[in-house]
Structure formats: structure tokens, C-alpha cells
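The structure appears right after this line, and notes come after that.
Computed from the coordinates by the stated procedures, all read-outs in this text should not be read as laboratory data. Computed from a predicted model, the values in this text were never measured in an experiment. With ideal geometry, Cβ positions are generated from the backbone for all residues, glycine too; neighbour counts draw on all protein chains shown.
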């Protein structure tokens, strides 16, 4: 058959397009994305262009059927457009392992309900907190009490009321209270109520020191 080389070349082009699994005109419904070996894929795209040149050469040999020639010309133009779009996408694609920018979400239309804010972390359960507080109180020295708080709070979340109880539990030493309060602040789920911690400080000057350390 005279058209076998042309059919084979077009089949190779279409198979590669299927393997790339991406088109330049993909719309919002194109959700899936894959990571490819970019250099190798670009070489494959360039080989497709070579195949297209061969197809164009073979088309010159089709003189008898004008309609077939027109349809093949249109197909070739579409394929070239698609492959150029694929190549642009590949050139812009991040390398495997490289950090990529977050894809923007769909634009919110006027009147749409805004998404609900993320729920804050859950504070430590009452029984778990009671055990933690008891362990702090068992320590003999204020420095040791504060050190236990500093080392432990990173593993949990606390209400302002719980934070105030822990600061009070470390004793009356100013340095210990400041260290505990500074460590607790990032783990407090209701920072708007952190003033409760200030209320239990032995020395009111400790409040300024805490705020300074926290950059508040």
C-alpha cells in the first residue's frame, strides 16, 4: 500500500502524544499532572518534528486525491500545534525534586461563600494536662520545672488558661516563669487570651521581658 509510510509516521506521532499525556489546550478539567524526565522527553518531541517532516515529504507524493491531501494537511497543522504546546509545557516544567510554586486555585466568584477557616489545633486533654502539671510540680527547683515545660510543650497544644497554670506551677522565680511563658506562647491555641499568663506572674516586670523575647 502506497500510504503505509504516511500512516506509520502519523501513528508514531499520535502514540507519542498519548504517552506525553498533556496538551497545550488543556482546560481547568485537566487535574492530573505527572513528573517526566524533561531532557529525554524534549528529545522525543524533536524526533516527532522530524517524523512530521517525513510525513510532509510523503504528502508531496499524493497528487491524485486532493481531498485526502487537504485533510492530511489539516491534520499535520493540528499535530504541529499540539506538539509545540507540549514542548512549551515541558520547557516550563520544574525539574524532578525541585520546589514548585503552588498552583493557584479557581477564582472565587462574587457571591460565593468563602471557605471556612482551618480549625485551630485541639488543646491538651484535661487528664493529660493534669498529669503533665503534676510532673512539673514534682520537680524540686524552679529551673528544673521550667526546663521540663520548655522540653515538653513542643509536643502539645494548650489553652491560655492551661499555660497560666503551668507558668504558676514553675514557682515564683522570674527567670523560670519567663522561660516557661516564652516556650508556651507558640503552642497556645487562643493567643487572644494570653493575658491570663501575665496575671499569674510574680513580678509584673516579667511581662515586659516576655513581650520583648516574643517580639510582641
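Structure summary
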read-out	value
Gain in span if fully extended, residue 74 to residue 141, counting 0.36 nm per residue against the direct Cα distance	15.6 nm
Sites residue 122 and residue 213, calculated FRET efficiency, Cβ-Cβ separation with R0 22 Å, nearest 0.05	0.25
Residues residue 131 and residue 159, FRET efficiency given R0 of 22 Å [Cβ-Cβ distance, rounded to 0.05]	0.85
Region 126-214: Rg to Rh, with Rh as the Kirkwood radius over Cα pairs	0.92
Distance (nanometres) between label positions extended 7 Å along Cα→Cβ at residue 46 and residue 200	6.9 nm
